[in-house]
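Quick notes on the structure that follows.
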Amino acid sequence: MQDFALLRHITIGQYLPGDSFVHRMDPRAKITVVLLLSLALTVNTSYLANILLLALCLGLIRAAGISLRYVLSGVRPALPFIIALSLMQLAFYGNPSVTSRLPVITFLRWGPIFITSSGLQLVLVSLARFVDLMILASILTNTTPLAHLAYGLEDMLKPFGRLGVPAQEISLIFILALRFVPILAEQLETLAKAQASRGADIGAGGRWRFWRTARAMLVLIVPLFLDAFRRAEELIVAMEARCYAGGRGRTRLVQLRMGWADGIAILICALLAVGFIWFRKSFPF
Amino acid sequence: MTEPLIAIRDLHYTYLPGTPLQAVALRGASMEVYAGEIVGLIGPAGAGKSTLLQHCNGLLRPTEPGHVIVDGQDLADPTVDLRRLRQMVGIVFQHPERQLFETLVGDDIAFGPRQLGMSRAEIRRRVEWAMRVVGLDFDTFVDRPTAALSGGERRKVAIAGVLALRPRVLILDEASAGLDPLTREEWQEQVRRLNADEGMTVIVVSSDMEEIAALAGRVYVMAEGRMVDEGTPAEVFAHTDLLNSLGLGQPVTSWVLGELRRRGYDVDPYAIRLEETVEELCRILRS
Ligand SMILES: Nc1ncnc2c1ncn2[C@@H]1O[C@H](COP(=O)(O)OP(=O)(O)OP(=O)(O)O)[C@@H](O)[C@H]1O
Ligand SMILES: [Mg+2]
């Protein structure tokens, strides 16, 4: 019966202080690495490539000193949806474009239901990808303080400033969005507890009273958004009160510095990513 | 000896166990609340007060050692009827103004009775009663949007929403913080009346020691997840060293009496109700 704590338990975006190599890496290097690996992930559909990439992600978790259980526990609330989506994909999507030299076996064909081995491959690969992306996003946000992430992002967007891209503003918006996640999660927990205390169906009954709980949660969306708007307004006032006037001329508390280790990490990951992308059609299965 | 209505025995609780963010909130807390009492609960920030109280209506369930027994039912039992329990034990949470979830004041207060499947007339009666108790005028407020209320008004609506369930046990977690002094006094009077006339058992958490002194018949002091003191307000507030070490302070009446004693006046240190203190002062002024 940990339902309420679960609502609040969001692992992505939560900085976990530490002193690993990954923690000490420059945020710009980390963002680059995550982008490269995500790209590699999204174009590879073969089993072997995904096994290798999964192993790589697990290795990165190890290097970052975060517990795998912690990262995976963040997937749990989404599990019902993932399972439902996977089942639908498996049942109705028998002819996907996946790279594989394995022969395509048709398991079942009956009306709209069409289950094949390549459909199964797509489902399994999608699951692996989902976990990989979770891991990458977790590594990035669990090892980097929000402010550093913001500075990193801003620096990376700066070259586009000439084209009129407001780098500082974009990174600020991104960071505020991330910052609001735990706040909204906490507010959701508060509202759910308040409703439950007044006789609503949340958290009563077993795990499979899913439908009633879902309906009760739906009612919480409106007050949650109202609260978010109220908080956003308060934030505007607070920023104005502290004389925020856009990005121009702002200096920083933290100066970022790229070291040689960051360069090597980027290089290795770039090579890996390019390799995975280049040879995406050459994996044997 | 009668059975306590709520008995918490050696309760342990950890938030997010097994994660890097785990936080031990309760380390063997025990508390007993008898029917018809007003019990005060004080303690520094992070002592575990809110965590303890959320166990009383099954929002948190004992997972580690420890028992929570409400009206003879052990809440560790997974078959407990949570709806019945939550109707019996009503909690007004900390920051009640963040707990409104309906669009209109009337709907928000009526939420509980509606969940219980009551008739329209009964629902209306309860909403009117609850609004009267917290001091909100029915006709003015019932159709107001909750988003258009002041902080203090939201607070009252949230309290009314819990009262409308007519719980046997009313738990107030810092519910009066932020009310203006006059409203606060009226509110205390209402709590006393709910206790005396309706027989509601009340648990009050407050950082306002005056409020605890004025309301509670018995006080628990909590620190670092367990109870460190228990007694009548007069007894507890006489333990100045303990309270000071926890950064809690004492009601001004208690302080005045202690100071007078220290300076050699013969006053009763337990006369901490405002009227009693005034009597004591008059007595030594006369003599
Ligand atoms: N939802 C939560 N998730 C993780 N840790 C929590 C959560 N709620 C409380 N804690 C931690 O548990 C401990 C006890 O918190 P609790 O809210 O019970 O204290 P409290 O006595 O009510 O304090 P306050 O007077 O500030 O309200 C604190 O250390 C807090 O950090
Ligand atoms: Mg609290």
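Each value in this text was obtained by applying a stated rule to the coordinates, not by laboratory testing. Nothing here was measured: the structure is a model prediction, and the numbers come from that model. Note that each Cβ is placed from the backbone with ideal geometry, even for glycine, and that neighbours are counted across all protein chains shown.
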(request) Before anything else, pin down the relative contact order of the range B:1-141: Cα pairs under 8 Å, at least 6 apart, normalised by residue count, whole percent. (result) 19
(message) Applying a 10 Å radius around every beta-carbon, put B:151-163, B:41-53 in order of their mean neighbour count, most first.
(response) B:151-163, B:41-53
(request) Apply 1/(1 + (r/R0)^6) to the Cβ-Cβ distance of A:Phe92 and B:Ser207, taking R0 = 56 Å, and write down the FRET efficiency to the nearest 0.05. (result) 0.45
(message) With just the Cα atoms defining each centre, how far is the range B:124-203 from the range A:102-171? Give it in Å.
(response) 49
(request) May I ask what percent, to the nearest 5, of DSSP beta bridges between residues of chain B are antiparallel? (result) 55
(request) Would you mind telling me the antiparallel percentage of the DSSP bridges in the protein assembly as shown, rounded to 5? (result) 60
(request) Can you pull the one-decimal nm distance between simple spin-label points at B:Ser30 and A:Leu184, each 7 Å off the Cα toward Cβ? (result) 4.6
(message) Restricting things to Cα coordinates, could you compute the convex hull volume per residue of chain A in Å³?
(response) 180
(request) Ignore the peptide's own chain and count Cβ atoms of other chains within 10 Å of each Cβ in B:251-264; give me the average, rounded. (result) 0
(request) Mind checking which lysines have their Cα closer than 29 Å to the Cα of B:Lys49? Skip sequence neighbours fewer than 8 apart in that chain. (result) A:Lys193, B:Lys156
(request) Take each uninterrupted DSSP H stretch in chain A, measure its Cα extent along the helix axis, and return the ones at 30 Å or beyond whose mean Kyte-Doolittle hydropathy is at least -0.5. (result) A:117-143, A:167-197, A:210-241
(message) Between the range B:237-280 and the range B:1-27, what is the separation of their alpha carbon centroids in Å?
(response) 32
(message) Pairs of alpha-carbon atoms within less than 8 angstrom and 6+ residues apart define the contacts here; what relative contact order does chain A have, in percent?
(response) 34
(message) Given the range A:1-120, report the % of alpha carbon pairs whose separation exceeds 17 Å.
(response) 71
(request) For peptide B:14-20, compute the average count of partner chain beta-carbon atoms within 10 Å of each residue's beta-carbon. (result) 5
(request) Normalising by the residue count of chain B, find the relative contact order in percent from Cα pairs under 8 Å and 6+ residues apart. (result) 22
